[in-house]
Amino acid sequence: MTAIEKRLLVNKIVLGLSSLSALIGIGFLFWILYVLVANGIDAINWNIFVFEGAPPGYEESGLRQALIGQLLLVGVATVVGVPLGILAGTYLSEYGQKSKLAEIIRDISDIMMSAPSIVIGSFVYAIIVLPMGHFSGWAGVVALAIIMIPIILRTTDDMLQLVPSTLREAAFALGAPKYKVIMQVVYRGAKAGVLTGVLLGIARVSGETAPLLFTSFNDNFLNYDLNEPMASLTVTMFNYATSPYEEWQKMGWAAAFILSMFILSLNILGRLILLKKKGR
Amino acid sequence: MATVIDIPSEKAIEVNNFSFTYAGASSPNLKNISMPIAKNAVTALIGPSGCGKTTLLRSFNRMHDLYPGNRYDGKIVFEGRNIVESKEDLINLRIKIGMIFQKPTAFPMSIFDNIAYGMRLQGLKNKTELADRVEKALRDAAIWDEVKERLRHDANGLSGGQQQRLCIARAIAVEPDVLLFDEPTSALDPISTRGIEKLVMELRDRVTIIIVTHNMQQAARVSDYTGFMYLGELIELNKTDEMFVTPAEKLTQEYISGKFG
Amino acid sequence: MTLLIDKLFANATRFVAVAILLLVAWIFTVLFQHSTEAIAAFGFDFILQDKWAPNLEKFGGFAAIAGSVISTFLAMLFAVPVAIGVAIFLSEIAPAKLKSPVGVSIELLAAIPSVIYGMWGLFYFVPIIRDIFGGLGIGMLTAGIILAIMILPFMAAVTRDAMNTTPDILKESAYALGATKWDVIKDVVIPYAKAGIIGSLILALGRAVGETMAVTFVMGNVHKISLDITAPATSIPVTLANEFTEADTDLYFSSLFELALILMVMSFVIIALAKFYFLRRTRKVK
């Protein structure tokens, strides 16, 4: 066998192996997706949206408390986290720029983006749950907001930096003060990108379970008061899935399906917004 | 309608009614090109941006095959066979027809390993022979004196001009019959450009060279024959001396006098 | 007036930005403060002892720490070759028609919450392990595999991104010398993107270390080091998830906080290593 023939053979073998591993990896992932969709569709019915949690065996049992709790927790966390993230991102891109302080903040938020979320949960437990004496929706909100802020901050920073500096200079040349340049020119130019960042941030915290386990905890009944423990889809899913009751496990799959569809839609929407912007 | 002179000396390649279509294009991007390439001489391809000169160049070593959906029609005859047929052995073809790119493309490895790369691909393992041939290639590319002390250093530490000569050394180390130059000096300063041009002229005794250039003076300085292309067609192939003094085609005349391009 | 608003706005942004630094410092401080009792009671034994007996007020974190390390190691062992295979497939092999749909679905799968991977593992993978190895089917091996599957999409996507930074012209040069696809991958793409690839893998490692929900279902939370990787075990996140709401004494709490602190430091160091040592260069280039 000549050297070239040998190389061609090795090439075939390695490329085959690589394609095979890709097939295995992708196969596993689609298996999970299939399980999720099949179980989810099987488990979803109208009751889930109208009834609250009930002991196993009850006909009238649903996920209403978890759905509403989830919306409240994620919604309030978004209201808290997004403005803070955008403000901090604005500082990095428009004021701090390449300064040492700005670079340190960038690095630290990069690390925080991958920090273990369960540790954030224990931190919030220490600063909110312990002093309050009980679990609460607010504690969950704070935990989610802490996870969200670095994501919003980094995308805002990146997206604002994409706005051409000539645009800023043109506005300054008309005599506009800096805050107006930022509000009216920079934000407008980066709108789509920042919005995508916000959507991805919401998607990311929507799937968080670990930081809620001992902050917002869980509740089997519908509750709008953030001072009280509050149900979420994720924690409910965890509790139901690990329970021995088949009805509860089924409910867990329903929760998993609803949550995944929500998160996937946000991700796809975010991509479409960016694509549309690029297309123009 | 095109003026294509015949070449008195031996031919390395003959392009015969050759067309090329990029993936997704509705009409051919190169149309019915016929031209001889003189052996051991320099043929320059000139023309305005988008005229297809680089597309034609990349057909000689079937670079277009790296991207799916491209189509060749007609013939490019090399060593008596049509090399754009799908059964062509691309690895051996590319060993015989080397290429130098627009930008220096030093691989992320040492200077020595860069030069040895092509020979190693062919299975050469003997250390002394490798070392000898690396030295010879570097000498031929007129860069030996600059790098002999640091053969084990990362090739990316060299200057742009040095890297481009390194790439030429890498290409000639495998002793190809044909070398394709795709605007080799477009990323270089004037002094480095001179060095590369000098090298092209030295190499022509042993290698057939086809060079695509944006720069008409460069074509006039280094080439024996020049082909002028426009909108995917070959308008004129002529002796370089004649092309730039008394072009046969009106379009060529307009281009070299700067009326468009 | 305009000047005042201008100043206020600038200071507001700076205040929030700096507050984020302070928040991180605060997290470390709070975790440390709440760990002091356990640190005072056990000292270094906390890291070295594996006896975890809440009823005896005896806490050694070794089993959880080792469990985190081992489960993550197993996950990397399974995930890295497959992720690199997927990345090579996506960046060099897949036909154009497949590249984008497969690539996007991998990225979307990276967005699926880890709790769902855990749930899938519990219901669909644990029985398989039980059939093959006997026993309960939950433990270190199962956790490692589920963790591997969970980080696979992220790992493959970032590794592919790193490989895609290799300029086409560099690859073409190798092909022009008669290289095969595999030659180009091993001699040009991987060496060129080396720092980015290693950084991406370590970043995924950092995520795996702190991952809770994918493994909590299938680990078993048993504070014991076993040579049998199919036996139930625990890790730091698993211990925290299972026991935080059960802890009834100050020392118990303090021990859990010390575990949280150790986990935070571990992941901080790993991620910082990936970001600053390996990925810095690629970021600057962009």
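Open to solvent by less than 60 Å² (accessible area, probe 1.4 Å) and closer than 18 Å to B:Ala106 by Cβ: does that describe B:Gly161? Yes: the conditions hold for B:Gly161.
Summed over the stretch C:197-220, residues that are open to solvent by 40 Å² or more (accessible area, probe 1.4 Å) and within 11 Å of another protein chain (Cβ to nearest Cβ) total 2. Among the residues of the stretch C:222-241, those identified as open to solvent by 50 Å² or more (accessible area, probe 1.4 Å) and either outside any loop (DSSP other than H, G, I, E, B) or hydrophobic (A, V, I, L, M, F, W, C) (or both) are C:Val222, C:Ile225, C:Leu227, C:Ile229. Every listed requirement among (1) within 14 Å of chain A (Cβ to nearest Cβ); (2) closer than 22 Å to A:Ile4 by Cβ; (3) of a type in the set (A, V, I, L, M, F, W, C) is met by C:Met163 save one, (2).
So is B:Val147 within 28 Å of A:Thr2 (Cβ to Cβ), without any contact (Cβ under 8 Å) to a residue 60 or more places away in the chain and assigned to a helix (DSSP H, G or I) or not? The answer is no for B:Val147. Within the stretch C:150-189, being under 29 Å from A:Phe28 (Cβ atoms) and in contact with a Gly (Cβ under 9 Å, 6 or more places away or on another chain) holds for C:Met150, C:Leu152, C:Pro153, C:Ala156, C:Ala157, C:Val158, C:Thr159, C:Arg160, C:Asp161, C:Ala162, C:Met163, C:Thr165.
At least 3 residues being open to solvent by 20 Å² or more (accessible area, probe 1.4 Å), free of Cβ contacts under 8 Å to residues at least 24 places away in the same chain and of a type outside the set (Val, Ile, Thr) is the threshold, and among the helices (runs of 4 or more DSSP H) wholly inside the stretch A:142-222 those reaching it are A:165-173.
Considering (1) in a helix (DSSP H, G or I); (2) open to solvent by less than 50 Å² (accessible area, probe 1.4 Å); (3) closer than 21 Å to A:Glu208 by Cα, the lone condition that A:Gly53 does not fulfil carries the number (1). Against the test of being in contact (Cβ under 8 Å) with a residue 12 or more places away in the chain, part of a helix (DSSP H, G or I) and open to solvent by less than 10 Å² (accessible area, probe 1.4 Å), the options A:Leu29, A:Leu73, A:Leu67, A:Leu84 yield a single qualifying residue, A:Leu73.
Look at (1) more than 7 Å from every other protein chain (Cβ to nearest Cβ); (2) part of a helix (DSSP H, G or I); (3) of a type in the set (Gly, Ala, Ser) and you find that C:Gly135 fails only one, number (2). As a summary of the residue check, B:Ser86 satisfies the conditions (1) under 18 Å from the mean Cα position of the chain (by Cα); (2) surrounded by fewer than 19 Cβ atoms within 10 Å (Cβ to Cβ) except for the one numbered (1). Take the residues in the stretch A:232-247 that are more than 11 Å from every other protein chain (Cβ to nearest Cβ) and part of a loop (DSSP other than H, G, I, E, B); name whichever of them is surrounded by the fewest Cβ atoms within 10 Å (Cβ to Cβ). Residue satisfying both the conditions and the ranking: A:Pro244. The single condition among (1) touching a Leu at 6+ places or on another chain (Cβ under 9 Å); (2) more than 7 Å from every other protein chain (Cβ to nearest Cβ) that A:Val119 does not satisfy is (2). Among the residues of the stretch B:111-129, is there at least one that is part of a helix (DSSP H, G or I), polar (S, T, N, Q), open to solvent by less than 40 Å² (accessible area, probe 1.4 Å) and within 14 Å of another protein chain (Cβ to nearest Cβ)? The answer is yes, given that some residue of the stretch B:111-129 is part of a helix (DSSP H, G or I), polar (S, T, N, Q), open to solvent by less than 40 Å² (accessible area, probe 1.4 Å) and within 14 Å of another protein chain (Cβ to nearest Cβ).
The set of residues in the stretch B:1-58 being of a type in the set (Phe, Trp, Tyr) and either in contact with a Cys (Cβ under 8 Å, 6 or more places away or on another chain) or not in a loop (DSSP other than H, G, I, E, B) (or both) consists of B:Phe18, B:Phe20.
The values are calculated or read from the model by the stated rules, or taken from the named source; none is laboratory data. This structure is a prediction, so every number in the text was calculated from the model and none was measured. Glycine gets a Cβ as well: all are built from the backbone with ideal geometry, and neighbour counts include every protein chain shown. Just so you know, the surface numbers come from the protein's heavy atoms only, side chains and all, with ligands and any DNA or RNA stripped out. Shrake-Rupley method; radii C 1.70, N 1.55, O 1.52, S 1.80 Å.
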